[in-house]
DNA sequence: CGTATGACGTGCA
DNA sequence: GTGCACGCCATAC
């Protein structure tokens, strides 16, 4: 695991309930403001269910994707009352 | 080791 | 408001 990916996972893991973060924000906090593209990639390959990657959305406010299917992601977000 | 890919973002027509 | 092209970075092949 790269340091960057580890940091990203850690940040996503620390996202409070009822709170969402954009890929860009995560990238910035990870120290690579221009690596938002890589952030999504890392989350995509990440299979750790401990990481609430469903709370990471696009800056446009749209749903990005999900390694388990975006439908599941939307479902979870609705369940958390975000949508 | 070089190329291709992707859960992105911004700019411009 | 919509659509297309370019840039950017970490993985996968």
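A few notes on this one:
- Checking each residue in the range A:69-83 for being exposed (fewer than 13 other Cβ atoms within 10 Å of the Cβ) and closer than 14 Å to residue A:16 by Cα picks out only A:81.
- Search result, residues across the range A:4-21 that are touching a helix residue (DSSP H, G or I) at 6+ places or on another chain (Cβ under 8 Å) and either surrounded by 12 or more Cβ atoms within 10 Å (Cβ to Cβ) or more than 14 Å from residue A:53 (Cβ to Cβ) (or both): A:4, A:5, A:7, A:8, A:9, A:11, A:12, A:15, A:20, A:21
- Among the residues making up the range A:28-38, those that are under 15 Å from residue A:59 (Cβ atoms), within 8 Å of DNA strand C (Cβ to nearest atom) and surrounded by 17 or more Cβ atoms within 10 Å (Cβ to Cβ) are A:35, A:36.
- So residue A:49, is it over 10 Å from the mean Cα position of the chain (by Cα) and in contact (Cβ under 8 Å) with a residue 24 or more places away in the chain: no
Every read-out reported here was derived from the displayed coordinates using simple, explicitly stated rules and does not represent laboratory data. Bear in mind the structure is a predicted one, so any value in this text is a computation, not a measurement. Note that each Cβ is placed from the backbone with ideal geometry, even for glycine, and that neighbours are counted across all protein chains shown.
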